[in-house]
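Have a look at the structure below before the remarks.
The values are calculated or read from the model by the stated rules, or taken from the named source; none is laboratory data. All figures in this text were calculated on a predicted structure; none of them were measured in a lab. Here the Cβ is made from the backbone with ideal geometry for all residues, glycine too, and neighbour counts use every protein chain on show.
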Amino acid sequence: MSTMSASDSLTRRAIKPVLSPFQAAGIASFLALSGIVCVWSTVMALRDLWLGDALKSIGMVVPLVSFLLILRVWRSLGWELEGTWWGLVLLVVTAATVLVRQSTILIFVFSPQWSVVIPPHAMVAFAYGSAMVLLFGGTKLYRASLFPLFLLWLVNPVPHVFNVLVDLPLQHASAHVARAFAIALGQPLTPDQLSLMFTPEFGMFIAPGCNGIRGAVTMGLISLVAGYLYRFRLLPHVLMVAAAVLLGYLFNFVRLCTLVIYYIIALHFPRLQNHGEMADYYIGGALFLIGTMLLLLAMRRAGRVTSLTLPPAAGAPFTTTPRSFYLRAAAVAVLIVFMGIPLARAMMAPVPASITDATPASFPARVGNYQLTRTWADTLSGGVILYQWGEYTPDAGGVRIQIAVSPILGPHDTLICHTARGEDPLWHGQLTLPSAGSPIAFSGSFFNDGATQYLEATTLCNGTACGEFSSALPHFGFVYSKPDPGAFLNRSPQRPIPILLRAETLDTTTAPDVARQKLTESLRSFIAYTDLAVFTQPYRQ
């Protein structure tokens, strides 16, 4: 039977259990994943962006790829834990910025086709990733992880300005190529430029996305990451990414032409006509797989390395965890709890009936000499109401005023929605209109869609105060609202509520400036009798 000496016993009691660098890195990774509650509104906005727009859906893999690449670099550094407190400063600033954005609007308008919400979601993702890397890994890991961090700027891989300037023209180009190919095969077609109707009931529509931009963006992202893994130099890397994008477009044209051949064959075999959509998926998937394999094979041969594993960094490996790591981890945990408790309360709160109740309880029957004549709702899937609308008609006749209140939206300016649909305003600026209380600042936009001319005015109500401002500079402008400081820690009851006013005329022959002035006076007449708190109060209960 062995015995333990007194010195061995004292030594064992003196040694305190500590985490290995690998275990500490695991805790840091867990905190980084949990810390997204600090920027939760951005996470939800990106989720809606990815799920609502197939063109941007590839962006959902970017955070995961970036996270894995950072871990790859960190492993090569031996899980070094020389973090800096500046990372916590950046994290707090990022969380505070996102919190302010939840109760206010700040939109930079560069042109009618290009407007950007400040801060952009990609900037928030980059700042959050940078903060976590600096906080736990330090400046050495940050310098080594610049590519994965800058990759986070691609969480929105296709900005809207790209849709307007590139996507739509390429859609028409794709339709032209497919049409020309069908005609070259001797197949008569209808004159519709975006539809290839082989018979009155059988044909194909060149829809958005048929231009191959999704495949091209995906190929570009694959080549971007593969070039980094194979350690391409800058110029070859750029050229390879450009070649991958062009390859995506080329294979899309091949897909469209192959699909045309399928439809021509299906004319003689009617049983195939009901499977055109599935044939498109098979053809596109096969071509994309072939293109990806060719791309990766070419990059593997042209790369400077054959193994994707990074060699260990020079220097002695880290075997202990610095004491400051525990302090930094505790600080992040406290911040996560601080930001997570209000979020958890908001998630657990019962859903207000106003979100699904189509009854316009907030709309008074009369506003001055205006009578409520009809109501309706814009709804999402599941019956959730996006906007509750009411239309008011003046007793003496004239321009009708439509007013909308959102039961669910926070800071929101409809200019972004119009721009996303390709509807560019003829005029945009600030409208300050006197109300039953104090004057209210609106962000106004004037449109002509060919059938009507209409003026829209939006504002944001925080508590009992409403206001949204526009500023026009020589080369750009911006739209903003003032935040409510009291809403930061109690966000649910004080949710900022957007209000939209609209006045329209069917007379499209009137000069736009004249029509805008007339509609502005109509809005002014309506707002003079209006207390917007009456409209928003039911949605704050």
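Within segment 258-272, the residues that satisfy the criterion of being surrounded by fewer than 18 Cβ atoms within 10 Å (Cβ to Cβ) and among the hydrophobic types (A, V, I, L, M, F, W, C) are I261, I264, I265, L267, F269, L272.
Cβ separations smaller than 8 Å between residues 6+ apart or across chains give the following pairs from segment 394-409 residues that are without any contact (Cβ under 8 Å) to a residue 40 or more places away in the chain to residues that are surrounded by fewer than 16 Cβ atoms within 10 Å (Cβ to Cβ): D395/N369; D395/Q371; A396/N369. All told, G450 meets the bar of being modelled with pLDDT under 85 and out of contact with any strand residue (DSSP E or B) (no Cβ under 8 Å at 6 or more places or on another chain). Considering segment 48-103, the residues that are small (G, A, S) and buried (at least 19 other Cβ atoms within 10 Å of the Cβ) include one that is farthest from P120 (Cα to Cα), namely G83. For the residues G87, G35, G129, G83, the requirement of being outside the structural domain of S445 (by TED's automatic domain parsing) and not in a helix (DSSP H, G or I) singles out G83.
Residue by residue, here is whether (1) exposed (fewer than 13 other Cβ atoms within 10 Å of the Cβ); (2) at pLDDT below 80; (3) part of a strand (DSSP E or B) holds:
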site: W376; (1), (2), (3): no, no, yes
site: G383; (1), (2), (3): yes, yes, no
site: G390; (1), (2), (3): no, no, yes
site: A396; (1), (2), (3): yes, no, no
site: I408; (1), (2), (3): no, yes, no
site: P411; (1), (2), (3): no, yes, no
site: G444; (1), (2), (3): no, no, yes
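A quick yes/no check of all residues on (1) surrounded by fewer than 23 Cβ atoms within 10 Å (Cβ to Cβ); (2) at pLDDT 90 or above:
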residue	(1), (2)
L106	yes, no
V116	yes, no
A127	yes, yes
F136	no, yes
S145	no, yes
F150	yes, yes
P159	yes, no
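For I440, indicate whether it is buried (at least 21 other Cβ atoms within 10 Å of the Cβ), in contact with a Pro (Cβ under 9 Å, 6 or more places away or on another chain), at pLDDT 80 or above and more than 20 Å from R524 (Cβ to Cβ). Spelling it out, it is not the case that I440 is buried (at least 21 other Cβ atoms within 10 Å of the Cβ), in contact with a Pro (Cβ under 9 Å, 6 or more places away or on another chain), at pLDDT 80 or above and more than 20 Å from R524 (Cβ to Cβ). Whenever a residue of segment 505-522 is over 13 Å from G398 (Cα atoms) and free of Cβ contacts under 8 Å to residues at least 60 places away in the same chain, it has no partner that is in a helix (DSSP H, G or I) and aromatic (F, W, Y) lying with C-beta atoms less than 6 angstrom away and at least six residues away or across chains.
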